[in-house]
Amino acid sequence: MKKLAPVFTLFALFLLLGACKSDFNYYYYSKEETEVLSQFLNLPELPDDYTVTFPSHLSNVGLFPRAVERDKAVLGRVIFYDKKLSKDGTVACANCHKQELAFSDDKAFSDGVYDRSTTRNSIALGSVANFSAYYGTDLNGSSAIRFFWDNRAETAAIQSRGSMTNEKEMDMTMHDIATTVEAQPYYAPLFKKAFGSTTVTDELVLEAVANFVNAMGSFQSDFDAEANQSTASYSGNFGNTVYDNDFSGFSAAQNRGKKLYNNNCASCHSGNMGRPVLQLANNGLESNPTDLGVGGITGLNEQKGSFKVPTLRNIALTAPYMHDGRFANLNEVLDFYNTGIQNHPFLHADLKTGNQPKHMNFSESDKTDMIAFLNTLSDEHLLDDKKFSNPFKQ
């Protein structure tokens, strides 16, 4: 019997450890909280990990995601998809930012409450490598990229407030948002985990959404895989020069398209598909624009008719294009840059030849090659990443 005792003790220890582990996992939310959450939401037993790890080619050019608090991001995910938080109960943030479209919309102007249409095209959230790495003055200081086409929002929280309270989008006051959140039983467990209390305030709602948005990003495209391989022998900030080289895994057409992009587009949009080079520019859509864009906010003449310069990740998935969705496909965009740029006193210098608008003169084969390259920026992983998906039971 004495010989069996150590074996029995070891067996009992394994059982105890197994039980403790099971109980820990199961009771991340209490049994009562789990019962409430499971009535409404499909959430994992343990919260998803929202840690962002950039591919080395982006880290090597000095881009670093900031830490995201996972319980706040989980709460923000639910708020992002909750239609109850709109005045008529039909619109959530996700209505204008659909995951299967890289968090864009396939309409020029999205549908808001009471069938109202938005004023501008919904920006694709999936066009950004990661929001926390270079968006938001709260995270990245005065040089940070701002939100909205007219760059009026300094942080993700301010951007969320703007959409939730916009009469053409969700048309709520933040007080109404907080009151509605507080009335839904599934929010209390999530607020308790995120903030240590079930108390709901405007600021906490926005902080949770900001954590979810700041966890978003797209960096698992074919372009990223090839850029990693191409830059593997470099260290430190090597600029964009290395991105000019052919990528061994690209087809001839994709490499030709990449070269055309780098020669004609990268000076504004970025060659490494990280932070855009410019924060705003007038690209000559109209010689006398009625939408003043950034200039309508700042009042500066030189910024009237200027808009955010986005990065182009997932661009093949996010038509229609421009701030007003005027171009239905990439062919129309390239045709515009070929012959359609309008003169404007503050047309960006890269789009001018002397005092006249530049003609890019892309041939039909050039356009085919360019589109072949732009398709390498699509990130299929983002489109079905469960931690960014709709958590509500259908």
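Since every read-out is calculated from the coordinates, none of them should be taken as a lab result. Note that the structure is a prediction, hence the values are computed from the model and not measured. Heads up, the Cβs are rebuilt from the backbone with ideal geometry, glycines too, and the neighbour counts pull from every protein chain shown.
Amide H neighbours of GLY293 under 5 Å, counting only residues 5+ apart in sequence or on other chains, H built in-plane at 1.01 Å?
GLY305
Using the Cα centre of the chain as origin and beta-carbon charges of +1 (Lys, Arg) and -1 (Asp, Glu), tell me which of VAL78, GLY293, SER122 is placed farthest towards the positive end of the dipole.
VAL78
Quick one: grab the alpha carbon gyration tensor of the stretch 223-333, order the square roots of its eigenvalues as a ≥ b ≥ c, and give me rounded if a/c is under 1.5, else prolate or oblate depending on whether a/b is larger than b/c.
prolate
As a test of the definition: which semi-axes, in Å, follow for the chain when you take the square root of five times each eigenvalue of its alpha carbon gyration tensor? Largest first, please.
42, 28, 17
Among the GluC sites (Glu not before Pro) in the stretch 88-196, which ones are in a DSSP loop with at most 13 other Cβ atoms within 10 Å of the Cβ? Mind listing them?
The qualifying sites are GLU167.
Could you grab the relative contact order for the chain? Cα pairs under 8 Å, six or more apart, rounded to a whole percent.
RCO, the chain: 21 percent.
Using the structure shown, select from LYS72/LYS308; LYS83/LYS304; LYS84/LYS192; LYS87/LYS193 the pairs with a Cα to Cα distance greater than 30 angstrom.
Correct reply: LYS83/LYS304.
What is the calculated FRET efficiency for LYS31 to ASP384, with r their C-beta to C-beta distance and R₀ = 30 Å, to the nearest 0.05?
Values: r = 31 Å, r/R0 = 1.03.
Taking R0 as 30 Å, the efficiency between LYS31 and ASP384 is 0.45.
Taking amide H atoms as placed 1.01 Å from N in the peptide plane, list the residues 5 or more away in sequence, or in a different chain, whose amide H sits under 5 Å from that of SER110.
Amide H neighbours of SER110, under 5 Å, 5+ apart: THR118, SER122.
To the nearest 20 debye, what charge dipole does the chain have about its Cα centre, counting +1 at the Cβ of each Lys and Arg and -1 at the Cβ of each Asp and Glu?
700
With a Förster radius of 25 Å, plug the Cβ-Cβ distance of SER233 and ALA67 into 1/(1 + (r/R0)^6) and report the FRET value to the nearest 0.05.
So, using R0 = 25 Å, E works out to roughly 0.25.
Please arrange ARG120, ARG313 by how many other C-beta atoms lie within 10 Å of their C-beta, fewest to most.
Going from sparsest to densest Cβ surroundings: ARG120, ARG313.
Modelled label-to-label distance, ASN245 and THR368, 7 Å Cα→beta-carbon offset: nm?
Each label point lies 7 Å from its Cα, and together they span 2.9 nm.
Within the stretch 114-137, which residues have the backbone N less than 20 Å from the label spot 7 Å out from GLU167 along Cα→beta-carbon, could you tell me?
Zone members listed by number: 114-121.
Taking the Cα atoms of the stretch 47-218, report the difference between the largest and smallest coordinate on each principal axis, in whole Å and largest first.
Largest first, the stretch 47-218 extends 47, 41, 30 Å along its Cα principal axes.
Once phi is turned into θ = phi - 60°, what whole-Hz ³J(HN,Hα) does the Karplus curve with 6.51, -1.76 and 1.60 give for every residue of the stretch 379-394, x standing for Gly and Pro?
10, 5, 4, 4, 5, 10, 5, 4, 6, 10, 8, 5, x, 6, 5, 7
How would MET360, MET174 line up from fewest to most surrounding beta-carbon atoms within 10 angstrom?
Least to most surrounded, the residues fall as MET174, MET360.
For the stretch 67-140, what D do you get in µm² per second when you plug the Kirkwood radius from alpha-carbon pairs into Stokes-Einstein at 4 °C and 1.567 mPa s?
On the way: Rh = 13.6 Å.
After rounding, the answer is 95 µm²/s.
For ALA153, list long-range residues whose amide hydrogen, built 1.01 Å from N in the peptide plane, is under 5 Å from its own amide hydrogen.
Counting only residues 5 or more places away or on other chains, the set is PHE147.
Quote the FRET efficiency, to the nearest 0.05, computed for HIS359 versus GLU286 with a Förster distance R0 of 25 Å and r equal to the Cβ-Cβ distance. Intermediate values should be presented prior to the final figure.
On the way: r = 17 Å, r/R0 = 0.69.
E between HIS359 and GLU286, to the nearest 0.05, is 0.90.
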